[in-house]
Each structure stands twice: as structure tokens, then as C-alpha cells.
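The values are calculated or read from the model by the stated rules, or taken from the named source; none is laboratory data. From a predicted model like this one, the values you see are computed outputs, not experimental measurements. With ideal geometry, Cβ positions are generated from the backbone for all residues, glycine too; neighbour counts draw on all protein chains shown. Keep in mind that these areas ignore ligands, DNA and RNA; they rest on the heavy atoms of the full protein, side chains included. Shrake-Rupley method; radii C 1.70, N 1.55, O 1.52, S 1.80 Å.
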Amino acid sequence: MDSKLREELAAWLEFYRDLGIEDFYRREPETRFETRNSRLETGQYPGLSAPRKTMSAVPGPRIPSPEFPVPSPQPRAPGISPPARSLSLFEAPAPLRRGPETLEQVRADLGDCHRCRLAEGRKTIVFGQGNPHAELVFVGEGPGADEDQQGLPFVGRAGQLLNRLIQFMGMKREEVYICNVVKCRPPQNRTPQPDEIETCSPFLFRQIEAIKPRLVCCLGAPAVRTVLGIKEGISKIRGRFYDYGGTKAFVAFHPAYILRNPREEKILREDFEKIREFLKSGG
Ligand code: SF4
């Protein structure tokens, strides 16, 4: 394999690994039987006609024979479903789902991440904090200066407001899980760029999947766009519940926005009241 192809393949493998895909399947070479039939169909054996169906198209069990051996199924790790057929790396239609992961496994996979440019200016990776079995997960935008220093999400002024709102719901911060769309502080607290979100967000999705909360609360537009794919202005869509896979998502203003616009705090409190009612109702 030449070095250019090797580099390209390595980049693809890293990309799929970031999406949580670790198993790849190479298309099996043609069996002797299929090779022979395709030659018959293309007239490479003059005087002989191809059978109506190839062996692989005939329904029912395949009977092994010394001429056309049927390969034995390969043992697979528990929790991994076999693909319907062998897939090449480049035609995989959807990520192959692994068994349930823990937050620790997701964190270990993130490692000392340098997958995007945000690694350059960060002090610490801010992975997330809270109850690994939380019913409620808050997703913010990205760490700020305080978070970058301490390695914890929402510990600055916006975090203190979030703490008060959590208490207002009758809960403790330790009961919920808090994380961000990107795990490293963007320079000058700018909004994370689309490619940075695209690179980092698979880890967010894996966190949510590991926790399996009843509700994911998106705080601010970048979280809404990432989790729900909704691009409308947050003022129009806040305060509502949305389907998110088998669970629900809720949209609210980011606490940092409320610090800049204190008159809107009433709206945020109303939204947190809706969250409280949702959790109480068992919805
Ligand atoms: S923001 Fe995410 S993808 Fe980028 S370096 Fe940090 S952890 Fe890695």
C-alpha cells in the first residue's frame, strides 16, 4: 500500500473511531462458485450456460461441500450486532452501534484530545460533571475561563445562576449531569465553529447515550443546533419539549444570556418550572 493511501485510510479510521465505530468489515472476495458463475454469465466458458440463480441468491440453508465451502460464522463480542452483510469501510451506511458504554469509557476514549484546533488554547478538557445516571442532563455551549481553569462545567457566574435554578426546581447539582457541546474553551469565549462542533459532538452524544436521561435540556443556540438540529432563533423555540430519540429534549436560554439580559430571568425561571413539572409527572 503506498504511503498516500495509507495516510488517507488512517484519517478515515480516526474519523470513524471518533464516531464510536471500531469494527470494520472488508467485503469478502468472490467465492469460487460466484466467480465461476459470473464467468459463465459473461460467456467466458463458451458452450456452457449459467445457472438461473447464483448460490448466494438461492433462499434456504446453504449446504457446505468441499467444492463450495460455507465459511463458519466468526465469534463476535457480546452486545455487537452483526451487519446484514459484509460492508466495506467506505460504504458503511450508518455507524455500527456498540454495546452500552459508561461515561468513564467515553472519557477514556476522548483522552488528551487534539482532534480540533480548540486544543491549542485550552488549559483543561472539561468533559462533564454530575450523576452518571441522571434523569436530567444540561448541555451548554463550551467552557469559559473559570471552567477551563477548574476543569469543571458551569462554575463561573453563569454556573452559579444555573445552580440557583436547579435548587429552584428542588434538586441538587449533584443529581443532574452538566456538560457542553465542545469540551475545550474557545479563544476569547467565542462561539464554537461548526467544524469544531462536528468534531467534538460525537462525544456529547455518547455521554447522553451512556447516561440515558429522561430529559436533555439544551441551554442556548449552539446546544439546540447540535442536539436537535434546529436553526431557528432560540426566542421562538424556547420553553418547549422536543423528541430526541427515545427521550425528550427541552430548549432554554443559556444562563450567560440571562446575566447579560437580567429582565429575561423570569422567562428562564418559567422554563425551569416546566422542567420540574415534566420530571414530577413521570413524562
Ligand atoms: S473541543 Fe473536543 S474535539 Fe476539540 S480538542 Fe477539545 S475535546 Fe477534542
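Here the accessible area is traced with a 1.4 Å probe on the protein chains. For region 151-204, carbon and sulfur cover 49 percent of it. Using 31 Å as the Cα-Cα cut-off, could you pick out the over-long pairs in Lys123/Lys266; Lys236/Lys280; Lys123/Lys274? Correct reply: Lys123/Lys266; Lys123/Lys274.
Taking the Cβ of Gly140 as the center, what net charge do the other residues with Cβ under 14 Å away carry, scoring Lys and Arg +1 and Asp and Glu -1? Neighbour charge sum, excluding Gly140 itself: +1.
The packing ranking of peptides 102-109, 145-152, highest mean first, is 145-152, 102-109, where packing means the average number of other beta carbon atoms within 10 angstrom of each residue.
Net charge of the neighbourhood of Arg107, taken over other residues with C-beta under 13 Å away and scored Lys/Arg +1, Asp/Glu -1, is -2. Across region 178-184, rounded Karplus estimates of 3J(HN,Hα) from the backbone phi angles (6.51 cos²θ - 1.76 cosθ + 1.60, θ = phi - 60°) give 10, 8, 10, 5, 10, 9, 10 Hz, Gly and Pro being marked x.
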